Amino acid sequence: MTRCARIGAVAVAVVVATPPGAAAAQAQREILVRGGEIVTVEGRRPADVRVVGETVAEIGPALEAGPGAEVIDAGGLLVLPGGIDPHVHLGGIGVDDYTSGSAAALAGGITTISNFGGVRDGETPAETLARASPAIEAETIADLIYHPIVSDPASATTETLEALVAVGQPTIKVFMVRPTFDARAAGFVGTMRAVVEAGVLLLVHCEDAAIVADTAARFMAEGRGGLENFADARPAEAEEAATRRAIAMAEVTGAPIYIVHLSSERAMLAAEEARERGLPVYVETRPIYLHLTRERFEGPTPGLYIGQPPLRTQQDQDALWEGLARGAIDVVASDHVAYTRELKLDPAQTVARHRAGMSNLQVMLPMVFSDGVGAGRITLERFVAVTSTNAAKLFGLYPRKGTIAVGSDADLVLWDPNETREIRNADMLSNSGYSVHAGREVTGWPVLTIRRGEVVYRDGEVLGEAGSGELLSRGPWQRPEL
């Protein structure tokens, strides 16, 4: 006997008849996703997906449900690999923890997120991870990777980075925009040699600290310290200068670098030139640069739009979309930092001291789909590449994550490409409680999210439990084919 019900856009049937001797077959949960169109970077095809336990067990036409299987009708829907966001900030100065951040991600079709933690004085990167692990184990719902932030290069030697790789997290981050980078630049060159020896990918925030500090001080002295001047106080030249410097350091040492939240055409072209020389230089952009421009700083609430680097011109935005389409940009990641609206609008902020970051996890994929695929800027396959597959390859998760294939984790998103919905603050699951995009109509939304074989989001409700997410173990970094 089969029970069938429709919950919102997704119909679910459960086969309840259990023949004798079938207990062993029911030891692992089975889900059959039926009638959808599977999309990967290789293309798209109509097929069913059988999930057994945490993995994809079978893909093909007209599959039969096993005893006790949950059957999910995906007719008219796309079946996408779970999104992967390798640039998320949880805890610390923000108001999201692993649970609320996970909820926002899963509602937005993202099944794997990340977090960063600063390496304290006297601490190694592996010890930073160990300090964060209890909260990860207790709170997270989405799966997770972790990046220690290195401010003192003495903490990131070959030995300490090998220890980090040994515990499954072969990535670290460095901020070139901090004054401590220039003061310790020779040491960071040594760290870049160490990442090669240890098998680590180096994430780099590329803004030149000297240019940014000088410009901000000049603006403050001239009485132009208000946030309406933020874009001019952190010019694209500072981003380009740091990007070229990071590339030169990478070329000398052989280090692979991943440039986070690239915002300008000038910086993108610098990275593209390096890639044409065969260097392992990878590029991420952030959704705010794809959907907003610097004119937002001229409005009544400039604090809501403060990020580092700042919003750029329409020309920069157009160039980034073109770069996404042609492969100059590899990944779209949120750089999610959750503040309340009140904190972001603190009138005491200036171009020199401000709260940078905003909540993006829940609406990132729908907006990139709507403004990208829906507007004809990128293909559906490219959407999957920049929101899932490329991140999986760069961060050591592929083919476990980032694709739909037999043996891969069953991270699946049922996506309605035709659903048009208005972004509303009331729907946001982040503790920030609002979206800078509220009021926008967006076409293309997830209706159901499966993380490792478990339905964790369905029609507006997060079903996964805190602590069910997994800190994903990764091997030494290897150069991927993108």
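Remark: region 357-437 carries a charge dipole of roughly 280 debye about the Cα centre, counting +1 on each Lys and Arg Cβ and -1 on each Asp and Glu Cβ. Helix 98-107 and the longest principal axis of the Cα set of the chain meet at an angle near 60°. Across region 429-434, coupling constants 3J(HN,Hα) worked out from phi with the 6.51/-1.76/1.60 Karplus curve, θ = phi - 60°, read 9, 5, 5, 5, x, 7 Hz, and Gly and Pro carry x. Highest-first packing order for the peptide set 211-224, 258-271 is 258-271, 211-224, based on the mean count of other beta carbon atoms within 10 Å.
Amide hydrogen proximity for Tyr258: with H placed 1.01 Å from N in the peptide plane, the residues at 5 or more positions away or on another chain lying under 5 Å are Leu202, Leu203, Val204, Tyr282. Taking 29 Å as the straight-line reach from the Cα of Lys401, the lysines in range (excluding those fewer than 8 positions away in the same chain) are Lys173, Lys393. Would you work out which of Ala426, Val167, Thr243 lies farthest towards the positive end of the dipole of the chain, given +1 charges on the beta-carbon of Lys and Arg and -1 on that of Asp and Glu, about the Cα centre? Sorting the options by dipole projection puts first Thr243.
3J(HN,Hα) couplings calculated from phi for region 159-170 with the Karplus curve 6.51 cos²θ - 1.76 cosθ + 1.60 (θ = phi - 60°) are, in sequence order, 5, 6, 6, 4, 5, 5, 4, 4, 9, x, 10, x Hz; Gly and Pro show x. Stokes-Einstein diffusion for the chain at 10 °C, viscosity 1.306 mPa s, with a Kirkwood radius from C-alpha pairs, works out to 69 µm²/s.
The mean sequence distance of close C-alpha pairs (under 8 Å, at least 6 residues apart), as a share of the length of the chain, puts its relative contact order at 21 percent. Compared with the dominant Cα axis of the chain, that is its longest principal axis, helix 125-139 is turned about 40°.
This model, with +1 at the C-beta of Lys and Arg and -1 at the C-beta of Asp and Glu, gives the chain a dipole about its Cα centre of some 100 debye.
Taken about its Cα centre, region 382-482 carries a charge dipole of about 520 debye when Lys and Arg each add +1 at the Cβ and Asp and Glu each add -1 at the Cβ. Between the amide H of Thr55 and those of Ala410, distances stay under 5 Å, these residues lying 5 or more places away or on another chain, with hydrogens modeled in the peptide plane.
When the Cα positions of Ala328, Pro300, Gln315 are compared along the charge dipole of region 293-386, Pro300 comes out farthest toward the positive end, with charges on each C-beta of Lys, Arg, Asp and Glu. For Gly117, the residues 5 or more places off, or on other chains, whose built amide H falls under 5 Å of its own are His147, Ile149.
In whole angstrom, note down how far apart the Cα centers of region 229-277 and region 109-141 are. Value for the Cα centre distance between the two parts: 27 Å. 3J(HN,Hα) couplings calculated from phi for region 298-310 with the Karplus curve 6.51 cos²θ - 1.76 cosθ + 1.60 (θ = phi - 60°) are, in sequence order, 8, x, x, 10, x, x, 5, 10, 7, x, 10, x, x Hz; Gly and Pro show x.
No lab work stands behind these numbers, since they all come straight from the coordinates. Model, not experiment: these values are computed from the prediction. Cβ atoms come from the backbone with ideal geometry, glycine included; neighbour counts cover every protein chain shown.
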